[in-house]
Every structure is written in C-alpha cells, then in structure tokens.
1. Can you sort His441, His119 so the residue with the fewest Cβ neighbours within 10 Å comes first?
2. Given H placed 1.01 Å from N in the peptide plane, which residues other than close sequence neighbours of Lys150 have an amide H under 5 Å from its amide H?
3. Pop out the ³J(HN,Hα) list for segment 413-420 in order, Karplus 6.51 cos²θ - 1.76 cosθ + 1.60 with θ = phi - 60°, rounded to Hz; leave Gly and Pro as x.
4. So which of Lys136/Lys158; Lys32/Lys412; Lys148/Lys323; Lys152/Lys448; Lys323/Lys394; Lys136/Lys309 end up more than 29 Å apart by C-alpha?
5. For segment 224-229, what does the Karplus curve 6.51 cos²θ - 1.76 cosθ + 1.60, with θ = phi - 60°, yield as ³J(HN,Hα) per residue in whole Hz, taken in order and with x for Gly and Pro?
6. Once you have the Cα-Cα distance between Glu113 and Ala178, take 0.36 nm times their residue separation minus that, and quote the gain in nm to one decimal.
7. Arrange the following residues from fewest to most other Cβ atoms within 10 Å of their Cβ: Lys323, Lys432, Lys193.
8. Determine, for Arg444, Arg463, Arg149, the number of other Cβ atoms within 10 Å of each Cβ, and report the residues in order from fewest to most.
Amino acid sequence: MERPGRLLLLSELRVGNAACDVSLCRSLLTWKRRSSSGPVYHPFRPSVSHSVSVSEIISVREEEESRGRDDGSWKKIKEREGKDCRLAFTVLYVERRQQHRWRCAEVTFTCPEGALRQHWVGSIREQLAAIASRPKHLLVYINPCSGKRKGKRIYEEKVAPLFAQAGVATQVIVTERANYARDHLRTEAELKKFDGVVCVGGDGMFSEIIHGLIWRTQMDGGVDPDSPDEALLPGSLRIGIIPAGSTDCICFATVGANDPVTSALHVIVGDSQPMDVCSVHHNSTFLRYSVSLLGYGFYGDVLTDSERKRWLGPARYDLSGVKMFLTHHYYEGTVSYLPARGIKGTPRDAARCRSGCVVCQHNGEQLSEKPERYEVDEASDSENDSEWRTIRGKFLAINAASMSCACPRSPKGLSPAAHLADGTTDLILVRKCSRFDFLRHLLRHTSKDDQFDLTFVEVHRVRRFRFTPRYCQSNSDLDMRENGKHQLFSQICRDHPACGCAPAYSSWNCDGEILTHTAIDVRYRDPLGASSRILVEFLTQEEFIFSFLNLNTFSFCSLFPRVHCQLIKLFARGIEEPMVFEDLPNPCAI
Ligand SMILES: Nc1ncnc2c1ncn2[C@@H]1O[C@H](COP(=O)(O)OP(=O)(O)OP(=O)(O)O)[C@@H](O)[C@H]1O
Ligand SMILES: CCCCCCCCCCCCC/C=C/[C@@H](O)[C@H](CO)NC(C)=O
Ligand SMILES: [Ca+2]
C-alpha cells in the first residue's frame with residue numbers, strides 16, 4: 001500500500017523552454033523551474049514553482065507534435081516514425097479566477113524519451129481513476145426555455161467539450177415541456193446507469209430535478225412522501241447545475257458564481273455538497289419541495305406578476321419587484337414555528353456558510369444521531385406543544401430561506417448567515433410598515449447593513465413552521481362561506497386593481513414556482529385541530545369559481561413546511577474562502 005503523500009515520480013522535464021523538476025506525489029503534481037545554477041537552492045534567484053492537486057486535474061493527453069517553440073535547446077529530440085516528435089503530454093487542470101470562477105488551464109511537459117512519457121501519463125491516469133467520487137456517466141436535462149433561452153447553446157459550446165475532455169459520458173435530453181424532466185425521472189429514467197444528474201437551466205429546472213429524484217427515491221424505498229412526519233430517504237445521485245436561468249440562486253449560493261464552465265468543472269472533479277430540503281405540506285398532503293426561498297406576500301406577488309412577463313426574460317423580476325413594492329400589499333395571518341434547538345449558528349451570525357462549513361457538519365451529525373421528534377405538534381403531546389411559538393399580525397412578507405438565497409440581484413441573499421446543510425430554515429417576518437421602511441429593508445439585501453436590524457423585521461431559525469392566513473382561522477361552515485366570498489371577491493379585485501380592494505391572500509413563491517392559494521380541502525378542518533380525511537387539489541380559475549358556488553367545498557390552504565437535513569447532494573463544494581492572493585497575478589506561472 002502506498003502511503004498518502006508518497007513520491008511516485010520525479011523527473012526533469014521541460015515546460016516551454018524551461019527545464020523543470022516535475023514531481024507527482026499521491027495528491028500533488030508540482031513543477032518547479034530549475035535555477036540556471038542548477039538544482040541547488042539560491043537565495044537571490046528562487047526557483048518558481050506551481051502545484052496542482054491531483055483532485056483538480058481534469059485529464060491528461062499525449063501530444064503528437066510539439067506545441068512549444070523549437071529553439072533546439074532540448075538536446076534529446078527523438079526521431080520517431082520519421083518525424084520530429086517532442087514526446088510531450090498535456091495536463092488539464094482547474095485554475096481559480098476572480099469571484100469564485102474556475103477555468104480549465106493546461107500545461108505541456110516535454111519528456112526526453114517515450115518510455116518516460118508513458119510512465120507519466122499512465123501514473124496520472126491511474127491516480128485520476130482512483131478518485132471514486134468522479135462521475136463517469138451523467139444524465140443531462142436541458143431546458144431550452146430558461147433565462148434568455150440559451151441553455152442548449154451554453155451546454156453545447158461550453159460544457160459538452162469539457163465533459164468529453166474529462167472522459168465523462170452523457171445522455172442528453174432536451175425537455176419538451178414543463179415537468180418533462182420531473183416526469184422522466186419519476187418513471188422512466190434508468191437511474192442505475194448514472195452517477196449523477198445535471199440540469200441546464202434555472203432554479204425552476206433544478207426544482208423539477210429534485211422533485212423527480214426525491215419522489216423516485218421515496219417510492220423505491222416505500223416511504224410515503226405525503227406524511228409530514230416521515231423521515232425522507234436521501235437519494236444516491238448527485239445533481240449538477242449548469243446555470244442558464246434568470247436567478248440561478250441555488251447555483252450561486254453553492255458555487256459562488258453563475259458560470260457554466262465553473263459548474264461543469266465542479267461536476268468533473270466530483271465535488272459533493274449536501275443540502276437541506278424543505279417539504280411543504282398541507283395537513284397530510286405533500287405539495288412541493290423547496291431548497292431556497294419559500295416566500296409569501298412580497299416575493300409571492302413578485303413571482304405571480306413576473307410570470308405574466310416571462311417574455312421580458314430575467315428583467316421581469318425587476319419590473320414586477322418595483323410594481324409590487326409600489327402596490328404595498330400586506331397580509332394578515334398567524335405564523336407558528338418550532339425554533340431549532342441544540343444546533344450551532346443563528347441567523348444574525350457574522351460568519352457565513354462556506355466550503356467545509358463546521359456548522360453544517362456539526363448540525364448534520366447532531367440530527368443524524370438524535371432525529372428530531374416531529375410529533376411535537378400533535379395535540380396529544382401537549383407538553384411539547386409549548387415549544388411552538390405563535391405570532392399573529394399583518395405582514396408584508398413571510399420568507400423562509402433554507403439557504404442564503406444569494407444571487408447576482410441580491411449578493412448577500414435574503415438571509416446571509418443561513419446554511420446550506422444545517423437542517424434549518426430562517427423564517428423572516430416583515431411586518432406591515434411604511435413604504436419607506438420596506439425600501440430600507442429591501443435595499444439592505446444589497447448593502448453591508450444588517451437587514452434584520454429593523455424594528456418591523458424579525459428572524460427565527462426554525463425546523464418547522466406553519467402559516468395560516470387570517471380568513472382560514474375558523475372552522476365553521478358559515479365562516480367558510482364568508483371566507484369563500486371574501487376570497488372570490490379578492491380574486492376579482494386583484495384582476496381589476498382599479499377598485500382598490502386589497503387581496504386577502506397572496507401566493508407562495510416556492511423556489512420560483514407559484515404555489516397558488518386555490519388549493520382546497522374537501523373536508524375542512526382547523527389546521528391545528530384533530531385529524532380528518534383531507535384532499536387537496538389545485539384548481540383552475542373556473543374550478544375555483546365552481547367550488548365557490550358549491551359553497552361547502554373549499555377552504556384555504558395553510559402551509560406546513562418541514563426541513564429535511566442534508567437530503568440531497570450537489571456537484572458543488574460550497575463557496576470557497578477567497579485566497580489571500582486571489583486578486584494578484586499568479587506568482588507561480590512559468
Ligand atoms: N421545454 C420546456 N418548455 C417550457 N417550459 C419548460 C420546459 N422545460 C422546463 N420548463 C419549465 O420552465 C420553467 C422555468 O425554467 P427555469 O427555472 O429553468 O428558468 P428561469 O425561470 O428563467 O430561471 P430561474 O428559475 O432561475 O428564475 C420551469 O418551471 C420549468 O418547469
Ligand atoms: C424596490 C425594488 C425591489 C426589487 C426586488 C427585485 C427582486 C429581487 C429578487 C431577489 C430574489 C432572491 C431570492 C431568490 C429566490 C429564487 O428561489 C427564485 C427562483 O429563481 N427567484 C425569485 C426572483 O423569486
Ligand atoms: Ca439550511
């Protein structure tokens with residue numbers, strides 16, 4: 001057995017015109033220019049060296065012809081098959097650029113003889129093959145309609161060539177409609193053939209992929225995804241995101257940049273970043289999964305409005321943002337939450353979730369050792385009920401950020417200290433306040449100031465929460481009819497804003513997908529009350545009016561999200577701390 005760090009190869013090779021000492025240890029390829037006075041250390045002429053971790057080598061290829069200048073300085077040029085051949089090989093590796101971007105750099109080494117080149121190439125390939133975390137076969141879904149509709153081109157021009165160079169085989173599927181990828185993953189995809197799934201698109205496309213994969217894993221493992229009390233099974237396939245959408249906040253918060261080449265390189269080197277997933281339920285019915293933002297009020301309204309402006313591309317969010325800011329709707333209701341206990345970290349920490357985050361590691365271990373008692377909300381467990389906190393009020397926004405939600409529009413994110421994999425979500429409540437104050441809060445998403453240090457904003461780190469809009473807080477039939485009228489008229493008024501009537505309900509923004517409020521309970525019950533059979537269906541507007549005419553048939557959807565710690569894994573490593581010399585030119589370049 002070779003010990004880690006053991007020297008495998010050491011040769012004198014050429015890089016360009018310079019003679020170098022090149023070594024391959026188990027984890028490091030190093031090339032160091034020889035000083036003109038030989039290999040001896042010289043204090044005034046230090047030799048320049050460059051190291052690349054084997055884990056960040058993309059591939060190695062043999063060169064058939066010299067790529068460098070032929071100045072005749074290399075004495076041992078061999079004649080092979082009658083032509084001049086420099087016996088070179090090229091190593092492709094990850095190079096870090098500014099703002100967390102990665103690029104594929106290459107260095108060509110020229111050997112004095114063929115046997116040595118074979119030895120080098122073989123040794124590096126052997127080392128790469130031993131990295132078990134690298135994917136060999138990927139299933140790729142491309143959404144041709146994401147963002148500026150450039151997904152297909154981005155993949156073909158920037159990503160596919162890198163996968164080919166790294167020897168990663170792919171099966172590529174261009175989606176034909178919304179939910180195509182989700183449905184394919186749920187029922188058809190032969191998942192055993194693959195080491196991972198890659199999506200080319202935005203947050204909505206990523207959402208499709210996790211919905212397909214998580215569902216399939218639960219079905220295969222016999223877990224009921226509807227039950228908010230069942231622990232979900234983690235899947236085995238990692239997910240890669242090639243950003244081509246409008247916000248791409250999941251890519252930005254896990255890699256640090258929205259850059260297709262950087263993401264492709266994280267996939268190739270086989271990175272792994274665990275991530276929390278929030279399952280959203282309405283009583284005993286599963287609605288959706290969320291990994292970034294679950295937002296009611298402002299962000300729900302921005303999304304609903306922006307969907308009608310899809311033709312505008314990514315700019316639709318800015319336009320709808322300004323419009324909804326001016327509209328200044330607030331919503332009444334009750335928020336209940338279960339504070340996260342026994343974990344590290346708070347939403348007001350100065351520290352950020354970064355690559356190798358100790359908070360995520362600690363909390364992940366805690367939660368796997370002592371799984372949370374989710375039954376605490378049941379009426380039978382009155383002792384633990386006291387752990388639930390309740391807040392009633394009028395809110396401009398209710399946001400649950402399971403990660404920072406940083407994106408180019410909001411570089412710090414909605415909750416800058418939130419963690420990717422700590423088993424919690426940050427519940428941010430923005431109470432009714434003046435437009436001026438709300439603007440102060442929104443602007444703090446982009447400035448250095450603490451966006452929670454405002455009297456009308458509060459933030460809680462939670463494992464579960466529930467939101468019930470005011471008009472669902474009674475269970476009598478009469479109230480339901482009244483609520484129904486109110487809801488219907490609000491709906492009409494929303495569509496005819498000239499009448500000035502404020503809507504009673506917003507929609508949920510679930511990772512950029514609208515969770516409409518027109519979900520119904522066939523048999524209504526108080527969300528906190530005793531159990532009964534519940535059926536929730538999503539309705540079209542016509543069905544919605546129809547259900548109103550049938551009076552007893554509908555009520556409103558109160559949501560019940562629960563965080564599943566580290567349920568999925570991404571081909572990412574979290575945002576890396578910048579290196580001290582990040583902005584300086586590379587001093588090691590030869
Ligand atoms: N072939 C397709 N035709 C139409 N819609 C599609 C297709 N494939 C996927 N979709 C849907 O397109 C929607 C938007 O996609 P996506 O999230 O990739 O881009 P985006 O909305 O521009 O970016 P972001 O979500 O980051 O803001 C998703 O809801 C997805 O389900
Ligand atoms: C006064 C002007 C206010 C402008 C506000 C513009 C909107 C800023 C958007 C920041 C969103 C950050 C959270 C990201 C959420 C994603 O899950 C989601 C899906 O991509 N994106 C959006 C915009 O909902
Ligand atoms: Ca989290």
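Values quoted throughout were computed directly from the atomic coordinates according to the rules given, and no laboratory measurement underlies them. Everything numeric in this text was worked out from a predicted model, so none of it was measured. Positions of Cβ are generated from backbone atoms using ideal geometry, with glycine treated the same way; all protein chains shown enter the neighbour counts.
1. Final ranking by Cβ density, sparse to dense: His119, His441.
2. none
3. x, 6, 9, x, 9, 5, 10, 6
4. Numbers: Lys136/Lys158 18 Å; Lys32/Lys412 40 Å; Lys148/Lys323 22 Å; Lys152/Lys448 37 Å; Lys323/Lys394 20 Å; Lys136/Lys309 40 Å.
Check vs 29 Å cut-off fails for Lys32/Lys412; Lys152/Lys448; Lys136/Lys309.
5. Per-residue couplings from phi come out as 7, x, 6, 6, x, 9 Hz.
6. Values: separation 65, 0.36 × 65 = 23.40 nm, distance 5.63 nm.
Net length gain for the segment: 17.8 nm.
7. Details: Lys323 14, Lys432 17, Lys193 11.
Going from sparsest to densest Cβ surroundings: Lys193, Lys323, Lys432.
8. Values: Arg444 19, Arg463 24, Arg149 12.
Placing the least packed residue first, the sequence is Arg149, Arg444, Arg463.
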